[in-house]
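For reference, the structure discussed in these notes is given below.
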Amino acid sequence: MATTSEPRLPLSRNRILQAALELVDEGGIESLTMRKLGQALGFEAMSLYNHVANKDDVLNGILDLVLAESEPPSPVGAWDAAIRASAISVHEALRRHPWSCTLLMSPRHARPARTRYMDLLLGRLREAGFSAETTYSAYHVLDGHIFGFSLWETSHTYTAEDMSNLAAKFAEMVPADAYPYLHEHAQQHFSEGPHREVSAFELGLDLIVDGLEKIRDAA
């Protein structure tokens, strides 16, 4: 008895971009080629060009998907709460897609949603009463914290095996008698405790926002 295979789902720009996002999330940005993307979708690479212009178009498209997972600062409500909520949403999106950090900071991949976010953040600071000069620095401090911390996290992501090897290496390289405080700190990395309940990103963000509020009040 003959069996019939299920028909392939038709290609579309959105389907291509979703597949590309999954491919890059799993294997990193270097894993993205039009040939691999076509294989993942069950089509020849040439078929993709009916829906996307080239690889750069795909990269910009998946960056748009990443940005869609975050929220720009709300134009209503308290300025500090709006900026805090937005920063956390951007950070969480970057954590889910760590490869996107460096691309989003590149002028080559400037995206409309990123431009809108920048303008809304600057606007919330100005409307909160900060001068243009203070807003200039405040914007860079906030953006630097979001992207800088996310990049730092990317370089400090380890498997269970990595952590085991690192613990043994630290015990040898950082003895407690020679480096008591660094040894104490290192041990916290390899153990559970109340320190795990604190978000270092949010702690830093709160320090920045609280500091900005003091600057505004003093002015």
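The values are calculated or read from the model by the stated rules, or taken from the named source; none is laboratory data. Just so we're clear, the structure is a prediction, and the values are computed from it rather than from any experiment. Every residue, glycine as well, gets a Cβ built from its backbone with ideal geometry; the counts of neighbours run over all protein chains shown. Quick note on the areas: whole protein, heavy atoms, side chains included, nothing else; ligands and nucleic acids left out. Shrake-Rupley method; radii C 1.70, N 1.55, O 1.52, S 1.80 Å.
What you get for the chain, charging only the Cβ of Lys and Arg (+1) and of Asp and Glu (-1), is a dipole of about 920 debye around the Cα centre. Taking other residues whose beta carbon is less than 11 angstrom from the beta carbon of Trp79, and scoring Lys, Arg as +1 and Asp, Glu as -1, yields +1. Any idea which of Ser86, Ala168, Ala19 is furthest toward the positive side of the dipole for the chain, if Lys and Arg beta-carbons carry +1 and Asp and Glu beta-carbons -1? Of the listed residues, the answer is Ala19. Sparse packing (at most 15 other Cβ atoms within 10 Å of the Cβ) combined with a DSSP loop state is found for the following GluC sites (Glu not before Pro) in the stretch 41-108: Glu44, Glu69.
Summing Lys and Arg as +1 and Asp and Glu as -1 over all other residues whose Cβ lies under 14 Å from the Cβ of Met105 gives a net charge of +2.
Are there any trypsin sites (Lys or Arg not before Pro) in the stretch 157-219 that are in a DSSP loop and have at most 12 other Cβ atoms within 10 Å? List them by number.
none
Using a simple spin-label model with pseudo-atoms 7 Å out from Cα toward Cβ, Gln18 and Glu153 lie 2.5 nm apart. Taking a ≥ b ≥ c as the square roots of the eigenvalues of the alpha carbon gyration tensor, the chain is oblate, as a/c is not under 1.5 and a/b does not beat b/c. Annotation note: chymotrypsin sites (Phe, Trp or Tyr not before Pro) in the stretch 19-105 located in DSSP loop regions with a Cβ neighbour count of at most 15 within 10 Å are Tyr49.
Highest mobility in the GNM of the chain, judged by mean-square fluctuation with C-alpha springs under 10 Å and restricted to His97, His140, His156, is found for His156. The fraction of accessible area contributed by carbon and sulfur in the chain is 56 percent, rounded to a whole number (1.4 Å probe; ligands and nucleic acids excluded).
The distance between label points at Ser164 and Ser74 comes to 4.6 nm (points 7 Å beyond Cα on the Cα→Cβ vector). Between the helical axis of 180-189 and the longest alpha-carbon principal axis of the chain there is an angle of about 30 degrees. Report summary: the helix-based calculation at 222 nm, which adds -39500 (n - 2.57) for every DSSP H run with n ≥ 4 and divides by the residues of the chain, gives -21000 deg cm²/dmol.
Within the shell defined by Cβ-Cβ distances under 12 Å, the residues around Arg116 carry a net charge of -1, with Lys and Arg each +1 and Asp and Glu each -1.
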